[in-house]
1. Would you please name the GluC sites (Glu not before Pro) within the stretch 51-135 that are DSSP coil residues with at most 13 other C-beta atoms within 10 Å of their C-beta?
2. Candidates (1) 23, 17, 13; (2) 118, 20, 4; (3) 35, 20, 11; which is the computed semi-axes √(5λ) of the Cα gyration tensor in Å?
3. So what's the back-of-envelope 222 nm ellipticity for the chain, counting only DSSP H runs of four-plus at -39500 (n - 2.57) apiece and dividing by all residues, rounded to 500?
4. Step through the residues of the stretch 48-57 one at a time and calculate ³J(HN,Hα) from phi using the Karplus curve (6.51 cos²θ - 1.76 cosθ + 1.60, θ = phi - 60°), rounding each to whole Hz and writing x for Gly and Pro.
Amino acid sequence: MRKALRRLAGLAIAAVALVSGLFFAWPVVDAVRNQVTVYPVMTTDQGTLVPLNRSVYKVFPDTQTVIHWMPGISEVPDRLAKCAVRDRLHWRCQYSDGSAVLTMNDGALSSESTQGNRERDISYTSRLTWWKLMF
């Protein structure tokens, strides 16, 4: 019985270590794939944060192109328009419908409406905070 409990505890520790390793290694995977994953949250009227769908931006500096998609929601990538790209962490584009300009500056994404309407209270948070909010 003790042997089985020790083995189960060892497997549990190994599983936690594996999941933690993958979680903290993900930015390296993004860098190798030349993409950035952003984790948006919306602030409610009560001041609580609500996680929104994460987005992935894949950057092609040679062609001045950025595509994006939402994993698990919209897997078909959409191309952003009128891009100026330096590298994966520094670029500026518009949505294809012209509704907003997206700017990635040193890995921090910001969005500015081009139609005069106020953007919802959306900000971007760390991967860890976003996952905590999901559960």
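1. Qualifying residues, ordered by number: E119.
2. Matching the structure shown: (3).
3. -10000 deg cm²/dmol
4. In residue order, the calculated couplings are 8, 8, 10, x, 9, 5, 5, 10, 10, 10 Hz.
Readers should treat all values here as calculations from the given coordinates under stated rules, not as data from a laboratory. Remember, predicted model here, so these are calculated numbers, not experimental data. Here the Cβ is made from the backbone with ideal geometry for all residues, glycine too, and neighbour counts use every protein chain on show.
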